Amino acid sequence: MSTIKDTKLWMSGNEAIALGAYEAGVKVASGYPGTPSTEIMENLSTYEGVYTEWAPNEKVGLEVAIGASFAGARALATMKHVGVNVAADPLFTAAYTGVCGGLVLVSADDPEMHSSQNEQDNRNYAFAAKVPMLEPSEPGEAKEMVGLAFELSEELDTPVMLRITTRVSHVKGVVEKGVKLSAFAACGINRNPEKLVMLPAMARKRRLAVEARMQKCRELAETASFNRIEPGDTKRGFITSGVSYLYVKEAFPEAAVLKLGMCWPLPEQKIREFAAMVDELFIVEELDPFLETHIKAMGIACHGKDRIPNQGELNTAIVRQAIVPGSAPKLFQPVELPNRPPNMCAGCPHRGIFYNLARMKVFVSGDIGCYTLGFLPPLSAMDACVCMGASIPIAHGIAKALGEDGYNKVVSVIGDSTFIHSGITGLINTVYNNSASTLIILDNRITAMTGQQHNPASGSTIKGEAAASLDLPALCRAVGVKHVYTVNPHDIVETRKVLKEAVELAEPSVVISQAPCVLLPEMKAKKPITYFTHQTNCVGCMGCIRLGCPAISWTAFAEGEAESRGYKSAQKGVSQIDEILCNSCGQCASLCKFDAITRGEGK
């Protein structure tokens, strides 16, 4: 964040949302890290007077926010789009209970799947849950819409969803600094079980209230300033929302536009009015034909996904080309960049686990995290990966399908944060239903993939304050696992012995791989004596190369070069360790049988 003037700031969308929540008087905020939403909570945690926390998962995060709202506080829950799948249970019922203090749920969608396993369109959640949804197009609007969302939440007695996308989250823009709301209702317990206890009899009454509220919301959508008609050339008219609005304005600056800041419910009267103004109507939106479907259901003829792609992110050129084929100018000439395949960091503790699994004849059920990269060559040691926490139940299901032939053939792998997020119940099910499968928990004491956020196993809160640290071995034993092992994954040989012993058991077992993430500040602060390759001892076996460590490279010999350099004629080349990249994990040294890799100086 940087200051332009006293009242103007240069902020990303996520920074702007944090500022907007602070200025709106948010009291409690809870969420789970996930790109592109992570920085909202990280920035909000720096503001005084706001309680912030990383929750174990998105369902818990939303439930915490609901509880704060029931106590009269303004509350915020943040998550990426797939996180709303986890939080859907409380969301759908909170739509019935309504709120006391304002309640806002931020859903950060990820078109193009920059860091996600799908690109679902969460506007569909607002429709299904019967709650209003606002959708800003840039950081300044995002900041203002947070405050507006809290106001709407309290006025309409409903949770309000704020939908952003990766582009809005991470783009920078000018944000108008405001004043923190000071006059706000005091928190307290106001018992109202008929409103807040959703037994069927009360829920049926609240269902009527939900429909009355949505009708009020539809009326508000017709007059609200965030749904506006921008006059222009009526030969082509565009209805759009979110970041797609910017693409339309850049591609067709002269055109008439209906900008929808509330993408649900829709202002039907205003849409009909706008449609009657233009000769040809285009609906421009990323991903699903959400607006298009509802507008066509109103009997309005329009173009949408017959022209606009329904996959990935849009941009100005794509929109221009879709509407007027052959007219899109080249925005820039792409620069040729060297290939940089995704890879685990040098010294990553997960590498040793996957190196061993690749050499064992087991089906590896993987999960969501840095370690999903274990799927890639040269490790190639992951056979399935569906969603957070699914690795354990999937392994259980495979083992049950295989029957007595299933034991020693199925392994599940999950990170410590993901295990806490939604893996514990899977392990309980595995033990309860006696599955002969082995669970490997990759305990690096941090939520690494999203940027080293703390979790219940790391011993710190979001603000870096000391907290209880979850005892994973004790937890596994508490749910009934009799065979719990702890290994140092950097010791590849010893780890393989333990893994082989665990998978041979005809009952549940857990192997906990304990080693800190190399990107943790305390690890980066260390100045380890790195490993070196004594090339005169290297026989070219390529054992270290198969680790896939980015600090280790291979120099191939040309024909006749081996003998001229003093090696055996059959040797294909030698390995070399980059001492700058090396993080001194020692995995390569544990594999080398020829004293070619040692700590300290060597050539």
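The values are calculated or read from the model by the stated rules, or taken from the named source; none is laboratory data. Bear in mind the structure is a predicted one, so any value in this text is a computation, not a measurement. In this analysis, Cβ positions are derived from the backbone assuming ideal geometry, glycine residues included, and neighbour counts consider all displayed protein chains.
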Inset, instruction - Within the stretch 493-504, identify whether any single residue is touching a strand residue (DSSP E or B) at 6+ places or on another chain (Cβ under 8 Å) and in a loop (DSSP other than H, G, I, E, B), and answer yes or no. - result: no
Inset, instruction - Output the number of residues of the stretch 69-84 satisfying the condition of being part of a helix (DSSP H, G or I), in contact with a helix residue (DSSP H, G or I) (Cβ under 8 Å, 6 or more places away or on another chain) and either of a type in the set (Lys, Arg) or surrounded by fewer than 24 Cβ atoms within 10 Å (Cβ to Cβ) (or both). - result: 1
Legend entry - Selection within the stretch 488-517 - touching an Asp or Glu at 6+ places or on another chain (Cβ under 7 Å) and of a type in the set (A, V, I, L, M, F, W, C): Ile512
Legend entry - Output for the stretch 544-572, where each listed residue is crowded, with 19+ Cβ neighbours inside 10 Å and either among the charged types (D, E, K, R) or not in a helix (DSSP H, G or I) (or both): Cys544, Gly548, Cys549, Ala551, Ile552, Tyr567
Legend entry - Filter result for Pro325 (more than 30 Å from Ile446 (Cβ to Cβ) and loosely packed, with under 15 Cβ neighbours inside 10 Å): yes
Legend entry - Boolean, Val171 is surrounded by 24 or more Cβ atoms within 10 Å (Cβ to Cβ) and among the β-branched types (Val, Ile, Thr): no
Legend entry - Candidates Leu152, Leu181, filtered to the one that is among the aliphatic types (A, V, I, L, M), under 24 Å from Thr93 (Cβ atoms) and either at pLDDT 95 or above or touching a helix residue (DSSP H, G or I) at 6+ places or on another chain (Cβ under 7 Å) (or both): Leu152
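When you scan the stretch 87-98, do you find a residue that is among the hydrophobic types (A, V, I, L, M, F, W, C), over 24 Å from Gly423 (Cα atoms) and either in a loop (DSSP other than H, G, I, E, B) or touching a strand residue (DSSP E or B) at 6+ places or on another chain (Cβ under 6 Å) (or both), even just one?
Taking the stretch 87-98 first, the residues among the hydrophobic types (A, V, I, L, M, F, W, C) are 87-88, 91-92, 94-95.
Adding the requirement that they be over 24 Å from Gly423 (Cα atoms) leaves 94-95.
Right, trim to either in a loop (DSSP other than H, G, I, E, B) or touching a strand residue (DSSP E or B) at 6+ places or on another chain (Cβ under 6 Å) (or both) and you get none.
Among the residues of the stretch 87-98, not one is among the hydrophobic types (A, V, I, L, M, F, W, C), over 24 Å from Gly423 (Cα atoms) and either in a loop (DSSP other than H, G, I, E, B) or touching a strand residue (DSSP E or B) at 6+ places or on another chain (Cβ under 6 Å) (or both), which makes the answer no.
Got at least one residue in the stretch 471-487 being assigned by TED's automatic domain parsing to the domain that holds Ala399, closer than 30 Å to Ala551 by Cα and either aromatic (Phe, Trp, Tyr) or at pLDDT below 95 (or both)?
Checked against the condition, which is being assigned by TED's automatic domain parsing to the domain that holds Ala399, closer than 30 Å to Ala551 by Cα and either aromatic (Phe, Trp, Tyr) or at pLDDT below 95 (or both), the stretch 471-487 yields at least one hit.
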Inset, instruction - Please name all residue pairs, on different chains or six or more residues apart, with Cβ atoms under 7 Å, provided the first residue is in the stretch 49-65 and is among the aromatic types (Phe, Trp, Tyr) and the second residue is part of a loop (DSSP other than H, G, I, E, B). - result: Tyr51/Lys27; Trp54/Tyr32; Trp54/Pro33; Trp54/His454; Trp54/Asn455; Trp54/Ile462
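Among Thr234, Thr158, which is more than 34 Å from the chain's Cα centre (by Cα) and modelled with pLDDT of 95 or more?
Working: Thr158 fails: more than 34 Å from the chain's Cα centre (by Cα).
So the residue among Thr234, Thr158 that is more than 34 Å from the chain's Cα centre (by Cα) and modelled with pLDDT of 95 or more is Thr234.
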Legend entry - Scope the stretch 506-540; condition closer than 18 Å to Ile577 by Cβ, part of a strand (DSSP E or B) and among the hydrophobic types (A, V, I, L, M, F, W, C); matching residues: Phe532
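Can you spot a residue in the stretch 432-448 that is surrounded by fewer than 18 Cβ atoms within 10 Å (Cβ to Cβ), under 24 Å from the mean Cα position of the chain (by Cα) and of a type outside the set (Ser, Thr, Tyr)?
Taking the stretch 432-448 first, the residues surrounded by fewer than 18 Cβ atoms within 10 Å (Cβ to Cβ) are 432-434.
With under 24 Å from the mean Cα position of the chain (by Cα) added as a condition, the list becomes none.
No: zero hits.
For the stretch 553-574, name all the residues that are in contact with a helix residue (DSSP H, G or I) (Cβ under 6 Å, 6 or more places away or on another chain) and under 16 Å from Thr598 (Cβ atoms). So that I can check it myself, show each step before the final result.
Narrowing the stretch 553-574 to residues in contact with a helix residue (DSSP H, G or I) (Cβ under 6 Å, 6 or more places away or on another chain): 554, 569, 571.
None - no residue of the stretch 553-574 is in contact with a helix residue (DSSP H, G or I) (Cβ under 6 Å, 6 or more places away or on another chain) and under 16 Å from Thr598 (Cβ atoms), so the list stays empty.
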Inset, instruction - Please find, within the stretch 47-63, the residue that is farthest from Val26 (Cα to Cα) out of those that are assigned to a helix (DSSP H, G or I) and among the acidic types (Asp, Glu). - result: Glu58
Inset, instruction - From (1) crowded, with 24+ Cβ neighbours inside 10 Å; (2) closer than 18 Å to Gly34 by Cβ, pick out the condition that doesn't hold for Gln117. - result: (1)
Inset, instruction - Output the residues belonging to the stretch 199-240 that are among the small types (Gly, Ala, Ser), in a helix (DSSP H, G or I) and exposed (fewer than 14 other Cβ atoms within 10 Å of the Cβ). - result: Ala201, Ala212
Inset, instruction - Could you please let me know if Asp109 is of a type in the set (D, E, K, R), in contact with a His (Cβ under 6 Å, 6 or more places away or on another chain) and under 17 Å from Val84 (Cβ atoms)? - result: yes
Legend entry - Residues of the stretch 51-64 classified as farther than 13 Å from Pro456 by Cα and in contact with a strand residue (DSSP E or B) (Cβ under 6 Å, 6 or more places away or on another chain), total: 6
